[in-house]
Amino acid sequence: CYISTTTMDPILSIVMSNLALVRRHDVVVDPFCGTAGILIPAAKLGAKVVGIDMDLRALRGRANGTRDRKNLVVFPCPVGNAWCDPARNFAQYGLDPPLALLNMDMGTQMDALLFRRAAAFDAIVTDPPYGIREAAKAAKSDGDEALAARDTDRPYVPQTARMRLHDVMLTLLEFAERALPEGRRVVFWLPTARETYKEEDLPRWPGLRLLYNCEQVLTMRLSRRLLVMEKTGVEEKEAARREMEAEDKEMVARRGHDDLSAMVFRNAERSEGRARKGGWHVRE
């Protein structure tokens with residue numbers, strides 16, 4: 001019913017919930033939920049789900065027949081609903097709606113989200129924004145403007161700033177380490193450049209142990225990896241912290257991935273240039 005260009009493939013969503021070991025009555029969160037498609041298999045397994053996203057438009061949905069700038073209908077509803085939103089997707093499968101769909105920044109508002117306590121969720125399944133189809137953003141601190149809006153009781157929408165992929169992963173791993181109980185899992189995607197990928201580029205964080213690393217090839221140059229991490233105990237967390245400090249390595253993916261968007265568009269421009277110059281050769 002309600003999909004977009006960044007909605008996860010349903011089969012891959014099922015795989016993610018299975019790898020996260022989602023069980024009945026678990027509370028599962030997607031901190032970059034968009035249309036909340038990743039959460040549907042978790043709900044089908046009997047979990048209660050929570051979606052978080054910075055983009056209020058994605059959470060609110062859209063009218064069927066909405067057109068884009070080229071006057072083309074944007075993903076027409078296959079069942080003919082007048083209005084499409086995440087809740088209707090769940091209803092289409094006979095599932096309870098999400099416990100909450102929160103329009104907030106998981107990073108800057110982490111304390112409020114976790115109610116200042118650990119182990120708030122049983123599993124995390126998500127596909128962070130790569131900065132290609134959807135920009136990675138975070139809420140900015142607007143200071144006096146936010147205080148003025150609060151004092152006058154008028155609506156206020158915080159400004160946003162673009163985030164590097166490096167910082168997105170940093171925020172996600174910190175959230176996972178704080179939000180999960182010991183032995184539970186976070187499952188997420190990491191985009192990589194196939195030519196420059198190295199094992200040491202994978203995210204690392206004290207308190208999270210890497211279990212699985214599965215590659216999905218997208219193009220000749222790009223792929224993305226489905227990473228599964230498990231929350232460890234305190235002793236293993238401290239041992240990992242000491243090891244990382246001794247090795248002097250970053251705890252998250254290297255900043256080289258921050259240039260992924262530029263590389264994609266640069267390659268596209270090169271291909272377009274070759275096509276204009278007649279540089280394509282077709283084998284007979």
| Tabulated pairs, the range 204-225, first within 21 Å of V168 (Cβ to Cβ), second of a type in the set (D, E) and open to solvent by 60 Å² or more (accessible area, probe 1.4 Å), C-beta under 6 angstrom, 6+ apart or interchain | S223/E215; R225/E215
| task | Select from the range 88-119 the residues that are closer than 18 Å to K48 by Cβ, modelled with pLDDT of 85 or more, open to solvent by less than 70 Å² (accessible area, probe 1.4 Å) and touching a strand residue (DSSP E or B) at 6+ places or on another chain (Cβ under 8 Å) and list them in ascending order. | result | P98, A100, L101, L102
| Every pair of residues 6+ apart whose Cβ atoms lie under 6 Å, when the first sits in the range 15-31 and is assigned to a strand (DSSP E or B) while the second is aromatic (F, W, Y) | V27/F121; V29/F121
| task | Might you let me know whether the range 27-43 holds any residue that is surrounded by fewer than 19 Cβ atoms within 10 Å (Cβ to Cβ), more than 13 Å from M16 (Cα to Cα) and touching an Asp or Glu at 6+ places or on another chain (Cβ under 8 Å)? | result | yes
| request: Mind listing just one residue for me: the one in the range 171-200 that is open to solvent by 60 Å² or more (accessible area, probe 1.4 Å) and not acidic (D, E) and, of those, farthest from C214 (Cα to Cα)? | output: R178
| L19 is checked against (1) of a type in the set (A, V, I, L, M); (2) crowded, with 17+ Cβ neighbours inside 10 Å; (3) within 23 Å of D105 (Cα to Cα) and fails just one. What number does that condition carry? | (3)
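The values are calculated or read from the model by the stated rules, or taken from the named source; none is laboratory data. Treat the numbers as computed from the prediction; the structure is a model and nothing was measured. Counting neighbours? That spans all protein chains shown, and the Cβs are built from the backbone with ideal geometry, glycine included. Surface areas here come from the heavy atoms of the whole protein model, side chains and all, with no ligands, DNA or RNA. Shrake-Rupley method; radii C 1.70, N 1.55, O 1.52, S 1.80 Å.
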